[in-house]
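Just so it is clear, none of the values below were taken in a lab; they were calculated from the coordinates. Fair warning: this is a prediction, and the values are worked out from it, not measured in the lab. Cβ atoms come from the backbone with ideal geometry, glycine included; neighbour counts cover every protein chain shown.
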Amino acid sequence: MSLKRIDLLICCGSGCVSSGALKIKERFHEVLQEKGLVNEINIIETGCMGPCDYGPVMVIYPEGIFYKKVTPEDVEEIVSDHFIKGRPVARLMLQDEEEKTFSTQKEVPFYQKQVKVALANCGYIDPESIDEYIATGGYEALGTVLTTMSPQDAIEVIKKSGLRGRGGGGFPTYLKWQMVHDNQAEEKYIICNGDEGDPGAFMDRSLLEGDPHRILEGMMISAFAMGATSGFFYIRAEYPLAIKRIKHAIAQAKELGLMGRSIFGSKFSFDAEVRTGAGAFVCGEETALINSIEGQRGNPTPKPPYPAVQGLWGKPTVVNNVETYGNIPTIFLKGADWFASMGTETSKGTKVFALTGDIRNTGLVEVPMGITLREMIFDVGGGMSGGHKFKAVQLGGPSGGCLTTQHLDVPVDYESLKERGAMMGSGGVIVMNDEKCMVNVAKFFMDFCVDESCGKCSPCRIGLKQMLDILTRIDSGYGKEGDIEELQRLGEAISKLSLCGLGQSAPNPVLSTIRFFREEYESHIRDKSCATKVCLDLMHFHIDKNRCIGCSLCAKKCPVSCISGSRDEKYTINQLPCVKCGNCMDVCPVKAVTKVPGMHPEVAAKRLAETKLSHNYDE
Amino acid sequence: MTLEICRKYAPNKDNLIQILHEIQDTHPQHYISAAAVDIVAEYLHVPANHIYGVLTFYTMYSTTPRGRNIIRLCESPPCYIKGSDNILRRLKTVLGVGTGETTKDGAFTLELCACLGVCGNAPVMMINDDVYGDLTEEKVEEIVNKIRGAK
Amino acid sequence: MKTLADLKKIREKAQEEMKLRGGNVRIKIVVGMGTSGIAMGAREVMKTFLEEISNRNLTDVLVTQTGEKGLSSMEPVVDLIEDGKPKVTYGNMTSDKVKKVVVEHIVNGRVVSDYVVATGN
């Protein structure tokens with residue numbers, strides 16, 4: 001029996017660690033030692049609590065006080081005021097725009113519309129303690145399934161729950177299981193796809209780091225249902241902490257006898273090991289992933305045969321995503337009906353989304369399927385940051401599409417998003433404000449896909465490069481009539497002809513930005529102008545002579561010495577050599593330097609002369 | 001050394017990726033040499049060209065020597081939206097190298113990488129196994145100098 | 001581990017360790033730890049509560065602290081909050097008084113009226 005009276009939960013998810021959580025933890029240990037409070041306070045490192053933007057965050061029980069952006073300097077005050085005198089430190093609490101203070105975690109608006117199923121324990125338990133996982137009901141689902149159900153019973157439960165794959169495709173989970181279950185092969189494999197490569201998605205990382213036993217339990221239940229006795233966790237090498245935590249969890253489960261031979265006295269035996277990637281986005285595709293586990297290049301192979309028929313080492317294999325496994329124990333504990341009562345007609349349960357970009361509360365959220373984009377971005381996400389206006393949201397990473405203001409009331413489920421050219425993907429939600437250029441964003445995603453294309457099939461290898469060339473042309477001021485149509489033609493062909501999901505979905509960002517922001521493409525091509533002043537060739541810097549005080553700072557800071565003038569004449573930019581570094585704007589004390597949309601007429605004239613010259617050579 | 005690492009794993013082809021990781025991570029210059037490839041090829045009974053195929057497919061492997069510390073700046077959209085290009089510019093100035101290059105003293109190699117999955121704290125970079133988030137131009141300079149000083 | 005009953009044993013023990021995070025709490029002890037409370041020995045009072053509760057293995061009791069309660073003349077002040085019962089406030093507490101309150105009030109359910117300075121909210 002301990003003397004502990006306070007549980008101090010420090011978020012040690014990767015987000016908070018990156019903003020200094022570990023230093024704070026050390027500082028707490030020091031201060032508690034100094035003040036002789038070591039016996040009374042429990043310091044617990046948890047997984048991701050969600051609101052990464054406010055990191056490092058912590059929750060202090062029994063009151064459930066929530067502190068944000070804690071620095072090592074704040075620690076002493078927390079200990080002396082809160083722990084000793086019982087006066088929580090108000091200045092570290094979250095405040096909204098109206099300066100309302102939220103003292104406890106429950107009150108924080110970010111958490112209010114959330115329903116945590118997969119993330120239930122993330123940020124609440126110590127991920128390295130199997131006991132804490134068991135305390136929250138962990139491994140009870142596995143025990144119940146193994147001792148009271150047949151594999152077919154278990155499949156029926158998942159069928160009834162309506163669970164669909166959380167990795168992107170949205171394939172009904174029970175169907176994969178059923179196919180492998182019905183296969184009479186002696187050896188079958190189960191794989192956990194932890195190769196979360198979608199830029200802007202980090203729920204799988206947080207789950208593996210924050211609640212590894214849940215994923216392990218979900219995997220074991222699946223393995224029992226389909227008849228596999230060995231499994232692989234395939235985790236990106238970029239996630240060293242997730243790899244460490246899963247390995248640790250496997251060792252703990254084996255020690256307690258929750259893994260290994262005849263688990264819970266049943267006939268079911270199971271073993272799992274961890275394999276890591278080595279930096280290849282395409283390995284998130286299941287056939288590529290299987291090749292990578294086998295020690296080969298991660299090239300995808302054509303389907304069929306599907307992995308369920310011929311997977312790892314040619315044996316029937318189920319590949320499920322981390323978050324999918326994360327839902328399974330709770331579905332068995334609370335029942336399929338409970339799970340199916342959340343969400344929409346075709347998309348049941350909850351989904352974890354990663355909110356990023358120009359939004360106030362970035363981080364991980366779990367909400368019922370069917371919530372509108374507006375609720376997700378403005379209620380849970382707290383709206384746009386820095387007083388900017390919402391412009392677009394990219395759903396599903398580089399494979400998804402963008403949606404705009406007109407779609408804010410669209411319910412977020414697999415079908416509604418697909419109808420509008422976006423997709424659920426793995427749940428990355430990149431919010432963009434009105435300062436973003438959609439042509440530039442589309443080019444950026446295309447650049448990513450060209451980099452990550454494995455090069456095996458030509459539509460993806462050659463076609464995407466063509467699309468990127470056209471986009472580069474447009475954003476550097478050389479776009480021509482017909483480029484938009486060419487992008488659409490290429491995009492549609494690549495979607496139809498590519499071998500795997502990467503190529504099939506890579507044109508989506510371009511196609512969807514053309515659909516909803518065609519006028520931006522047009523003004524880039526016809527007017528040689530980028531209204532948001534992002535594309536450097538399609539904007540220029542200008543010094544307002546009425547404001548300029550002739551201090552010469554800009555001229556001194558210019559790396560190419562293209563600014564000239566004097567105190568009396570004021571300063572001007574010679575547009576031709578200007579490299580648009582923006583130094584002049586940064587240093588101007590009176591804000592006389594501004595960005596102006598559109599290519600400067602002098603530059604346009606020079607380019608025109610050059611093209612004419614090259615035509616002459618051609619002739 | 002290389003052979004000792006190999007022997008920790010069963011001589012099966014599917015251990016190739018893990019073996020290569022360990023060879024690279026334990027090498028002071030964080031790369032996989034031609035000599036190492038030959039040793040692994042012999043141990044696993046696979047042709048060396050298969051190993052080269054794998055090495056060059058995955059972006060995390062290097063076949064040329066690199067610095068003691070590998071800086072990997074995320075160039076994915078969430079970081080880009082939050083200004084990773086400014087961070088890159090500052091890193092290049094502070095280190096005096098371009099992307100993919102190693103500083104003269106062999107302390108740092110600057111690389112760009114795909115999403116590190118810490119997008120809530122964009123822009124983000126990883127130095128070896130440590131993640132640094134909410135980067136500003138001042139902060140990266142401080143971090144680099146700190147690691148330099150520790151050496 | 002072979003059965004669900006084995007699992008349950010581990011769970012109950014682990015839940016015990018996690019009770020601060022919202023477990024089964026019958027009585028909450030709130031020690032006033034304002035400046036004057038601390039000056040009058042509130043730290044000692046709190047420590048004694050923790051020790052006594054630990055020694056007696058009382059698993060459903062929670063000790064927590066609060067700031068100044070505005071009863072300076074009666075510091076250290078302690079509230080005992082029990083579900084469905086009016087709050088009891090004890091004043092001028094000392095280690096010895098704490099021991100008595102633990103035995104009488106917390107274990108046997110009898111309010112130690114000699115030390116009570118207020119009841120109800």
Which of these, C:S36, C:S73, C:S95, has the largest mean-square fluctuation under a Gaussian network model of chain C (Cα springs below 10 Å)?
C:S73
Most exposed to least, judged by fewest other Cβ atoms within 10 Å, A:F264, B:F108 sort to A:F264, B:F108
If each part is reduced to its alpha-carbon centroid, region B:20-64 and region A:319-362 end up apart, in Å, by 40 Å
For a 18 Å ceiling on Cα separation, which of these pairs sit above it: A:K528/A:K580; A:K351/A:K389; A:K436/A:K480; A:K68/A:K100; A:K159/A:K334; A:K188/A:K267?
A:K351/A:K389; A:K436/A:K480
Using the Cα centre as the reference, give the magnitude of the dipole from point charges on the C-beta atoms of region C:62-121 (Lys, Arg: +1; Asp, Glu: -1; all else neutral), rounded to the nearest 20 debye.
120 debye
Mind running the shape call on region A:213-305? Use the C-alpha gyration tensor, a ≥ b ≥ c as the square roots of the eigenvalues: rounded below 1.5 for a/c, prolate if a/b tops b/c, oblate otherwise.
oblate
Burial ordering of A:F378, A:F281, fewest other beta-carbon atoms within 10 Å first:
A:F378, A:F281
Which FRET efficiency, nearest 0.05, do C:R110 and A:K23 yield, Cβ-Cβ r, R0 51 Å?
0.55
Ranking A:I494, C:I38 by Cβ neighbours within 10 Å, fewest first, what do you get?
C:I38, A:I494
By how many degrees, 0 to 90 and rounded to 10, does the Cα axis of helix B:84-95 deviate from the longest principal axis of chain B?
80 degrees
Per-residue ³J(HN,Hα) for region A:577-589, Karplus 6.51 cos²θ - 1.76 cosθ + 1.60, θ = phi - 60°, Hz, x for Gly and Pro:
x, 4, 9, 6, 6, x, 4, 4, 5, 5, 8, 4, x
Which aspartates and glutamates does A:K456 reach when only Cα atoms under 15 Å apart count, and residues fewer than 8 places away in its own chain are ignored?
A:E285
Among A:K247/B:K139; A:K303/A:K465; A:K25/A:K244; A:K35/C:K99; A:K570/B:K139, the pairs whose Cα-Cα distance exceeds 30 Å are A:K247/B:K139; A:K570/B:K139
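Rg to Rh ratio, the protein assembly as shown, alpha-carbon atoms and Kirkwood radius?
Rg/Rh: 1.01.
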What list of whole percents do you get for P(r) of region C:43-121, with Cα-Cα distances grouped in 10 Å bins up to the one holding the largest distance?
18, 58, 24, 1
